[in-house]
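S.K.: Dropping a structure here in structure tokens format, bear with me for questions.
The values are calculated or read from the model by the stated rules, or taken from the named source; none is laboratory data. It should be emphasised that the depicted structure is a prediction, and the values quoted were computed from it without experimental measurement. Neighbour counts are summed over all protein chains in view; Cβ atoms, including those assigned to glycine, are modelled from backbone coordinates with ideal geometry.
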Amino acid sequence: MSSRALRRLKGKQRGQEALDMGSLVPGEEQAAEVEEEEGDSAPQPISNSSNQKAKKNKTQKNLSNIYELICEAENEVEKEDTNAVKPEEKGEEGREKSDSGDTEKRIPQAETGAAKSAAVDKVKKKKKKKKKKTTSGDTQEEAAEDIDALLESMEQLGSLTLQSDGCGVAGSRPVLHVEHRNLNPETELKRYFGARAVLGDQRPRQRQRQFHRSTWMTIPKDTWPRFSRPGISMTLLESRAGLQFFTLEHSRDYQQVQFKFMDAVESMDPNNIVALLQMNPYHIDSLLQLSDVSRIQEDQEMARDLIERALYSFECAFHPLFSLTSGTCRLSYQRSENRALYLALYKHMMFLERRGCPRTALEYCRLLLSLDPDGDPLCMLLLIDFLSLRSREYHFLLRLYQEWEVHRNLSQLPNFAFSVALCHFQLSQQEGAEPQERDTHRDKADQLLQYALIMFPGALMPLLDLCTVQPDAAVSAHAFFGHRSQLGQPPALAELVGLYVGRSHMLWREGGVLFWLEQNVAQVLLRVDSNEPLVEDCLNKRKERYQSPSRNIHRHVILSEIKEATSALPLDVTTQPIMGFDPLPPLDSLVSYSRPERPSVGASNESTLSLFFRSLLPNFNLQGGQRPEDDLEVARAGRELNQEVNRLMVAMRDMLANIQFQEPPREDNPDRDEEEWD
């Protein structure tokens, strides 16, 4: 605090002390002291009853006025004051502020009871010392010491309060820590465009809005139907090793709606789903399915609105102990009731990314990964690096890589191998960093990029192709980066490389990145030509690994809808039916309730398609087998039939494509043709 602010604060403090001491002296003594301070403007002596009331009111405002004096002194440091004011005049000014009875000023919530008592004790000690001191110099020194001690205690208390609330140093938080304010896209949009441009005229309209429950993930809209609990609830299964395991449950009424939804899906008519949603406006699977239909029809606003309505329904059903930010709550993807929450969060995250809110999308990606970090059913590790680079959260990406590399082998994923190198390069280009730090990041970036190019050489040519860059002839003609490297990589690796290149190629178009890539490609070619042992080691790793990708990777590729990755999906995935509300369910799914069997129909009512299947497969039953092994046999036979039909269709398309029609020989006599035509 500056000397000028300290002098002002001392004067106001003396005025406050004079007021407090005057309130403790009854009768004529108080009037005499006040008259001595104020001169001609002193008030008339007051009675004992009014004196007691003033004493009570002024004692209650004692601590708040002290805090106000400190805040005012800090705020006036930067102001230019040409007319110097004496401390006695400032004391009078402070007393007038105290007598004004301003009831709007309050102590901040961060001030606890311990801080209040400590401040009161310091004020009392200061009063006792004031009575003993006679000289003005000693009084000013004591006031300065007390003010400094009070400020120091308040700063210590504020730091302890922040640490207790979990708002301390960011490095002490878990790597998947989620903040509530970052789940709202308006927080990010306000940072870019300002609050006035984002809010607009929303505030007047919020007064007329109907009551909705306060939620973190979505903001209820006036256009939504009136909310009534659809029949979804959350239950705490167990608590183990500091983790809490939850599950979602469906009521009997919701189960009946779910059966009707399955009938509507089998009818292949979206109007049936619309009719079902009109009767049950917060049915989750119907909202997810219609959102996909709206997105295909290029109605992005409706698709996003339906997903937000589903998230609102979920958040209203959360368990009181379920936390979005703690990172200790788990939700198993094996249970069919829980999958809709995963899908709703994923679709909402992708809408946010397309909307231009990558920081908010990154927060939802952390949330999805924290629900099941070991299983990672939607493979958020294939996406979190892209969102971190988009939102320029470089330090978070490096921390995640350092903490998870030991037990997750993140460097074996093409997206992390290239993204971490790009992250170090971006840090080396930041302004304001020290030269030594920038050189360290640049050396690390070169080292990691060269390793990524040696480990995944098949990613270079597709990346340059999507960046519309013509590679050098020495690079394209080299066997290490040529087409042979793309054809020789395993199918699983081709799927991962296509996913990364199709999603992140725009990050490599920024200024200076392609030049940095060109320099490191030249260094890699020198290392390959010199037959370094690392090149042979990476070749053996590519042959041994990436043979059979997991089911969650296929699920992520299907949800991403990136054509460079979907074209690399195996045949057994593309030939089976994929439902938008539950793509590729786990093979070890846990089903809490099953769809009731339909009444059997006679042979006379069997459809033509059923008779056709029965002629091909004598054991085919339209209603399914009576035993589990019969159901498995029917499912296996159905898959084989599906594959045979697909092969037949491919053969028919090839045959029709190769058919060439020959025109009959035409004679030179046109009159004869006209006669024959007549």
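S.K.: Any residue at all in the stretch 505-518 that's crowded, with 18+ Cβ neighbours inside 10 Å, of a type in the set (Val, Ile, Thr) and touching a residue at least 24 places away in the same chain (Cβ under 8 Å)?
M.R.: Within the stretch 505-518 (the criterion being crowded, with 18+ Cβ neighbours inside 10 Å, of a type in the set (Val, Ile, Thr) and touching a residue at least 24 places away in the same chain (Cβ under 8 Å)), the answer is no, since none of the residues qualifies.
S.K.: Let me ask something else about it. Could you check THR235 against (1) closer than 23 Å to LEU590 by Cβ; (2) at pLDDT 90 or above; (3) surrounded by 12 or more Cβ atoms within 10 Å (Cβ to Cβ) and say which number it fails?
M.R.: Here THR235 meets the rest and fails (3).
S.K.: Checking GLU298 against (1) surrounded by fewer than 21 Cβ atoms within 10 Å (Cβ to Cβ); (2) in a helix (DSSP H, G or I), only one condition comes out false. Which one?
M.R.: (2)
S.K.: Run down LEU413, LEU387, LEU398 and say which single residue is in contact (Cβ under 8 Å) with a residue 12 or more places away in the chain, under 27 Å from ASP446 (Cβ atoms), in contact with a Leu (Cβ under 7 Å, 6 or more places away or on another chain) and surrounded by fewer than 21 Cβ atoms within 10 Å (Cβ to Cβ).
M.R.: Result: LEU413 is the single residue among LEU413, LEU387, LEU398 that is in contact (Cβ under 8 Å) with a residue 12 or more places away in the chain, under 27 Å from ASP446 (Cβ atoms), in contact with a Leu (Cβ under 7 Å, 6 or more places away or on another chain) and surrounded by fewer than 21 Cβ atoms within 10 Å (Cβ to Cβ).
S.K.: Of all residues in the stretch 224-235, which are touching a residue at least 60 places away in the same chain (Cβ under 8 Å) and in a loop (DSSP other than H, G, I, E, B)?
M.R.: Answer for the stretch 224-235, where residues must be touching a residue at least 60 places away in the same chain (Cβ under 8 Å) and in a loop (DSSP other than H, G, I, E, B): TRP224, PHE227, ARG229, PRO230.
S.K.: Additional query: Any chance the stretch 445-459 includes a residue that's at pLDDT 90 or above, of a type outside the set (Asp, Glu), surrounded by 13 or more Cβ atoms within 10 Å (Cβ to Cβ) and over 25 Å from TYR394 (Cβ atoms)?
M.R.: Yes, the conditions are met somewhere in the stretch 445-459.
S.K.: Turning to a different aspect of this structure: Considering only the stretch 254-297, state which residues are acidic (Asp, Glu) and either within 22 Å of PHE227 (Cα to Cα) or not assigned by TED's automatic domain parsing to the domain that holds PRO230 (or both).
M.R.: Residue satisfying the conditions is ASP285 alone.
S.K.: Given the condition in contact with a Gly (Cβ under 9 Å, 6 or more places away or on another chain), modelled with pLDDT under 90 and of a type outside the set (Ser, Thr, Tyr), answer yes or no: does some residue in the stretch 204-224 qualify?
M.R.: The answer is no, given that none of the residues of the stretch 204-224 is in contact with a Gly (Cβ under 9 Å, 6 or more places away or on another chain), modelled with pLDDT under 90 and of a type outside the set (Ser, Thr, Tyr).
S.K.: Only one of these conditions is not met by MET350: (1) outside any helix (DSSP H, G or I); (2) within 30 Å of THR235 (Cβ to Cβ); (3) not β-branched (Val, Ile, Thr). Which number is it?
M.R.: Answer for MET350: the failing condition is (1).
S.K.: While we're looking at this one, here's another question. Can you find a residue that is charged (D, E, K, R) and not in a loop (DSSP other than H, G, I, E, B) anywhere in the stretch 374-387?
M.R.: The answer is yes; a qualifying residue exists.
S.K.: Ok, one more. Based on what the data block shows, is PHE314 surrounded by 18 or more Cβ atoms within 10 Å (Cβ to Cβ) and farther than 20 Å from MET349 by Cα?
M.R.: No: the conditions fail for PHE314.
S.K.: Residues SER550, SER530: which one is exposed (fewer than 11 other Cβ atoms within 10 Å of the Cβ) and small (Gly, Ala, Ser)?
M.R.: That would be SER530, the only listed residue that is exposed (fewer than 11 other Cβ atoms within 10 Å of the Cβ) and small (Gly, Ala, Ser).
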